[in-house]
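Reading through the structure tokens given below for one structure.
The values are calculated or read from the model by the stated rules, or taken from the named source; none is laboratory data. All values derive from a computational prediction rather than experimental measurement. Here the Cβ positions follow ideal geometry from the backbone for every residue, glycine too, while neighbour counts run over all protein chains shown. When the accessible area is computed, the model is the full protein with side chains, heavy atoms only, and any ligands, DNA or RNA have been set aside. Shrake-Rupley method; radii C 1.70, N 1.55, O 1.52, S 1.80 Å.
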Amino acid sequence: MLKGKMVILGVTGSIAAYKMANVASMLKKLHCDVQVIMTRNATNFITPVTFETLTGNKCLIDTFDRNFQYNVEHVALAKRADLLMIAPASANVIGKLAHGIADDMLTTTALACRCPKIVAPAMNTSMYENPIVQDNRKTLQRYGFEIVEAENGHLACGDSGAGKLPEEKLLVAHILRAIARDKDLAGRKVLITAGATMEPIDPVRYITNHSTGKMGFALARACMLRGADVTVVKGHTEAEVPDFVEILPVGSATEMFEAVKSRFAESDIVIMAAAVADYRPSQFSEEKVKKSEEAMAIPLSRTQDILQYLGEHKREDQFLCGFSMETQHMLENSRKKMVKKNLDMIVANNLKTKGAGFGTDTNVITILTKEKEQAFDIMSKDAAADCILDEILAESTKKREVPVYEGI
């Protein structure tokens, strides 16, 4: 995801510096060019050789290293960088950057960078909560730096509280959000449903389906990376929840309907990827239903058709995409569903196709619009999400275009 990108990791004097070795390794696995700059204090906690081994690049410490391949290193690096992350960021370096002090390789490079800059503080709780440090953080934010909030936890000094550097995965997620994708969905509000609804029979049992929410979460992640403001109405899921999206957890189809309806009016794009139950038990037993020797029948009632409601109430400027999981007559049934429910687009797949079932990391999709259909070979759900979003962008752009008539 980061092929062709160059990220500078600035490491300062903190015991949390050890985490940055894993961050560097994770970035390299994403095909990123990683350049590490350390303060002299940082070398007391982790050796530069560690970073050089992981990144394949020389770790920089000395502002005037004459053996480095570029002239005026801090300026040359700053020009090449797609992003600078300083983590862990000590109170000292935060204070220097907030006041324009550049007295080492890291601070001179940081002040020369025009790329996005992310600072992740890590220090003792008393230092972190000191008003001076907090004012310096706010100053950096005012100058356009993104601040990653320190976490609460047990610190190396023995104290417990705020000041802990977030886990490596979250630090990488911040980098990906900033530079992994073009922001072609910036300014758009996207509402996505994901997972399976659960229709209770009694306090113990419920009716549900095999959906894991992986496709819906892949769509949410892709929208976030492309700059959208994303809300996910989440039913029962087994997939990892994406970062930087708002999650509205629900249980039943009724709860999902109410949650979707509450956010529908403010949404520009709605993608209904959840597997919503068509039927629910007509009655809910407050007590566990005990088994008997006789056969048991559960009367069922129809649930609210969320997609039908959205199709009937969507504005002309809103884009509505549905999903269709079929086992036979996929294209015919999906096109009927698209027309009946007034959808702008529908994504169809066949449960019987290898790689397209529930719980897999892959999908085999066909995208249908009013004018065309596109069939795709098996791919990861992340790749499928991008194909779906590309088509949504193309179709939603058509909707917004105003016909221009030439004069006679």
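Worth pointing out:
- Restricted to segment 363-398, and to residues there that are in a strand (DSSP E or B) and open to solvent by less than 30 Å² (accessible area, probe 1.4 Å), the residue that is farthest from R315 (Cα to Cα) is N363.
- Residue among G153, G187 that is more than 27 Å from K19 (Cβ to Cβ), open to solvent by 10 Å² or more (accessible area, probe 1.4 Å) and among the small types (G, A, S): G187
- The listed residue being open to solvent by 10 Å² or more (accessible area, probe 1.4 Å), under 21 Å from V230 (Cα atoms) and not acidic (D, E), out of I101, I192, I147: I147
- Applying the criterion of being among the acidic types (D, E) and at pLDDT 95 or above to the residues of segment 374-408, the residue that is nearest to the chain's Cα centre (by Cα) is D382.
- Just so you know, in segment 205-260 the residues that are among the polar types (S, T, N, Q) and in contact with a helix residue (DSSP H, G or I) (Cβ under 9 Å, 6 or more places away or on another chain) include one that is farthest from M1 (Cα to Cα), and it is T237.
- Scanning segment 156-175 for residues that are of a type in the set (A, V, I, L, M, F, W, C), assigned to a loop (DSSP other than H, G, I, E, B) and crowded, with 16+ Cβ neighbours inside 10 Å yields one hit, L165.
- Scope segment 200-215; condition touching a Phe, Trp or Tyr at 6+ places or on another chain (Cβ under 8 Å) and surrounded by fewer than 24 Cβ atoms within 10 Å (Cβ to Cβ); matching residues: P200, I201, D202, I207, N209, H210, T212
- Of everything listed in (1) assigned to a loop (DSSP other than H, G, I, E, B); (2) in contact with an Asp or Glu (Cβ under 9 Å, 6 or more places away or on another chain); (3) not aromatic (F, W, Y), the single unmet condition for A178 is (1).
So that you can scan it fast, the table gives a plain yes or no per residue for (1) crowded, with 17+ Cβ neighbours inside 10 Å; (2) of a type in the set (S, T, Y):
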{"position": "F217", "(1), (2)": "yes, no"}
{"position": "T231", "(1), (2)": "yes, yes"}
{"position": "G235", "(1), (2)": "yes, no"}
{"position": "E240", "(1), (2)": "no, no"}
{"position": "D243", "(1), (2)": "no, no"}
{"position": "E255", "(1), (2)": "no, no"}
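- Residue in segment 323-345 that is touching a residue at least 60 places away in the same chain (Cβ under 8 Å) and within 24 Å of L191 (Cα to Cα) present: yes
- Among the criteria (1) touching a strand residue (DSSP E or B) at 6+ places or on another chain (Cβ under 9 Å); (2) of a type in the set (S, T, N, Q); (3) assigned to a helix (DSSP H, G or I), the one N136 does not fulfil is (1).
- Among the residues of segment 32-57, the ones that are aromatic (F, W, Y) and open to solvent by 10 Å² or more (accessible area, probe 1.4 Å) come to 1 in all.
- On inspection, L331 qualifies as hydrophobic (A, V, I, L, M, F, W, C) and either over 22 Å from V260 (Cβ atoms) or part of a loop (DSSP other than H, G, I, E, B) (or both).
- Of the residues examined, G235 is one that is under 21 Å from the mean Cα position of the chain (by Cα) and either modelled with pLDDT under 95 or within 27 Å of A297 (Cα to Cα) (or both).
- Segment 288-305, subset surrounded by 10 or more Cβ atoms within 10 Å (Cβ to Cβ) and hydrophobic (A, V, I, L, M, F, W, C), residue modelled with the highest pLDDT: L300
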